[in-house]
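Bear in mind these aren't lab numbers, they're just calculated from the coordinates by the rules spelled out. The shown structure was predicted, so the numbers you read here are calculated from the model rather than taken from an experiment. Virtual Cβ from ideal backbone geometry, glycine too; neighbours counted across all protein chains shown.
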Amino acid sequence: MDKIKNRILELRTEIEYHNNRYYNEDNPEISDFEYDMLLRELEQLEKQFPQFDDPNSPTHHVGGVRNTVFSSVEHKVAMQSLSDVFSKEELVEFIEKLQEKYGTDLEFSVEPKIDGLSVSLEYSNGVFVRGSTRGDGTTGEDVTENLKTVDGVPHFIKEAPEFLEVRGEVYMPGESFNRLNARQEAKGKPKFANPRNAAAGSLRQLDSTVTAGRGLSIYVFNIQQVVGREFKSHTEGLNYLKICGFNIVPDIKLISGAEAVFEHISQIGENREKYSYSIDGSVVKVDSLDLRQEIGATSKFPRWAVAYKFPAEEKETTVEDIYVQVGRTGAITPNALLTPVRIAGSTVSRAVLHNIDNIREKDIRIGDKVIVRKAGDIIPEIVRSIPEKRMGNEIIFEMPTKCPECGAPVVREGTEAAARCTGDNCPAQKLRNIEHFASRDAMNIEGLGPAVIEQLSDNNLLFDVADLYTLSREDIAGLERLGDKSAHNLINAIEKSKENGLAKLLFGLGIRHIGARAAKLIAKHFTDIDKLISAEKEEISSIPDVGEKMALSIKEYFANEENLALVDRLKECGVKTTEDVQTNENLLFEGLTFVLTGNLEGYSRNEAKEIIENLGGKASGSVSAKTDYVLAGEKAGSKLTKAKELGIKIITEAEFNKMIGGNTNENN
């Protein structure tokens, strides 16, 4: 029984993590299908073992939260999620259960499920007065000004009722998505992973002119509430909305019977590429509005509708070649060059193969026919090869024995999966190191993306990270697709980065095994890079959470004369190599371990962690018997449940604020 309980807690933790990535950060790590499978497993376990159910479980609430940057909107009619089905058998079961109770002549509307951002539009006497995001289903964000810029949102409707609220899905058409990513690339900024993330990020811009330039559109798919008019059915309401000037969701069909419903769903799935937007399934709804009221809903889902979810889209293509790339640590990664194929809203022509073991396990050869999909609807990956379609001229790939960039030997150490270049002056490693140095968690040089770095390198302006601080505005303005304004902004960002301090600098140097947290702990302990350079390995490894492996890596890095020379050049350029650490003889949280769960109103997760660490405490990612406090915000999940079971002290944000008193200003 303990095994079941632990699995339920693991699933809740994992699902809440992915909820945050999807709804709040617009940056999912796994595909919708993979997420749905986790949620399905949790639902089944909670149903089978009701003694372990919890009202805070993600099975009982919508995954999003309101962003505190925007004012809140309380939804008078809840913006619920949909229950999911994944097979014909599950769909038939849903329909037949309703037919048994309400008659075999039931009619269902069947429509594509658009993968975008769900919003509410409110009209008073025909005038668009407010627009909001779904948020957690009961409270969303007021994004009225941004929604006014979305194509398909009428600002005024004729012959309107006294009040009308409709629900729709904001999406980014394929052409808009491609244009946006081209602009991002030209500016040296990260590209958006998929249209859904791009749409969500665009709608949450603080400047509505930015949203206006993103090419967003909307399809409306439901009437939430109406005053001054009545409708008998869902499709009647949608036809009225179409007359009013709304873009209603296309390819809706009114159908009776499970077989006919599944046939239309199959047609939608087969034709998903014809749509200018991403779809991840079909929605099946009881059409009669009176019957919907009778059937009712749970706290999270209506019982009169389901979403039939399509599996991750897979396509067949050909491996035209396999080539390798050299990363910042010297890791040599094989990649497949593919015959271009369109998957999940974008064209895929390359896929990462990770390492030689993965290639051997899947038996991928140059010239093979392969099945490709996007992991998490983001990263292209080869699922498997198709050996039965081989013609006999396919080539087995071998990893190079010499680095393709510098010619140094390539080695594979011990049990490591990666092969590495051993060259100290490998140009490819230097470029990747500069990209890492400029990244957000390191020196955070906005506008210095891979394309700009490559141009600077090609023009002999940039050989290592110290060269960044010798660049002039004229150097940058002369590059292709960059002008005076971009040059001015980039120079300012580079200049600003000089004051970041030792922690960010250490992480930015790309020392193997040293992540952002370890760099912060080390910087706090030594406060000056010269003290770190002269420190013994034993002193470094004695820092809590910094082990011998990290200490050895640091000693090896600074034993290299070129690395020491680089540090000296950075100092000469004015880069700060010390860390400001406020001394406090009475650290409030010294020796205490905190775990954060849920959503805090006054802080981001990172800000709260920083406060705890600056006051001598430790912020852990998991609850255990060693945890002293669990700081629980809204929508706290399985970590809160586990803390209660272990008898750990749980504090609210208000209690946390009372504990820290005035210490945040002097310690941040």
Per the charge dipole of the chain (beta-carbon charges, Lys/Arg positive, Asp/Glu negative, Cα centre), the residue among Ile660, Ile533, Met37 reaching farthest to the positive end is Met37
Give the cross-link partners of Lys644 among the lysines, using a straight C-alpha distance below 28 Å as the criterion and excluding same-chain residues fewer than 8 apart.
Lys3, Lys5, Lys47, Lys300, Lys609, Lys618, Lys626, Lys635, Lys658
Kindly express, to the nearest 10 degrees and within the range 0 to 90, the angle between helix 2-19's C-alpha long axis and the longest C-alpha principal axis of the chain.
90 degrees
Farthest towards the positive end of the dipole of region 427-572, among Pro450, Leu564, Ala503 and with Cβ unit charges of +1 on Lys and Arg and -1 on Asp and Glu, lies the Cα of Ala503
What is the distance in Å between the Cα centroid of region 279-309 and that of region 188-263?
16 Å
Computed label-point distance, nm, for sites Thr578 and Glu145 using a 7 Å Cα→Cβ extension
4.3 nm
What pairs from Lys315/Lys389; Lys362/Lys549; Lys148/Lys253; Lys309/Lys362; Lys232/Lys285 go past 21 Å between their alpha carbons?
Lys362/Lys549; Lys148/Lys253; Lys309/Lys362
Taking the number of other C-beta atoms within 10 Å as the exposure measure, put Thr597, Thr133, Thr470 in order starting with the fewest.
Thr470, Thr597, Thr133
Tell me which cysteines of the chain come out unpaired when the rule is another cysteine's Cβ under 4.7 Å.
Cys244, Cys573
With contacts defined as alpha carbon pairs under 8 Å and 6 or more residues apart, what's the relative contact order of region 72-309 in percent?
31 percent
What distance in nm separates the two pseudo spin-label positions at Asn425 and Arg384, each 7 Å out from Cα along the beta-carbon direction?
4.9 nm
Reachable lysines from Lys485, criterion Cα separation under 17 angstrom, eight or more residues apart if same chain:
Lys187, Lys189, Lys496
Magnitude of the Cβ-charge dipole of region 593-667, K/R +1 and D/E -1, about the Cα centre, nearest 20 debye?
360 debye
Could you pull out the GluC sites (Glu not before Pro) across region 472-506 that fall in loop regions by DSSP (anything but H, G, I, E, B) with no more than 16 other Cβ atoms inside 10 Å?
Glu480, Glu499
Per DSSP, loop chymotrypsin sites (Phe, Trp or Tyr not before Pro) in region 201-264 with at most 15 further Cβ within 10 Å:
Phe231
Only four residue types carry charge here, +1 at the Cβ of Lys and Arg and -1 at the Cβ of Asp and Glu. Report the dipole size of the chain about the Cα centre in Debye, rounded to the nearest 20.
220 debye
Label-point separation, Asp475 to Phe49 (7 Å along Cα→Cβ), nm:
6.0 nm
Of the options Ile223, Tyr240, Gly201, report the single residue whose Cα projects farthest towards the positive end of the charge dipole of region 194-240 (beta-carbon charges: Lys, Arg +1; Asp, Glu -1).
Gly201
Of (i) -0.42; (ii) -0.32; (iii) -0.65, which one was derived for log10 I(q)/I(0) by the Debye sum over Cα atoms at q = 0.06 Å⁻¹ from the structure shown?
(i)
Mind giving me the FRET efficiency for Met37 and Phe231? R0 is 56 Å, r the Cβ-Cβ distance, nearest 0.05 is fine.
0.95
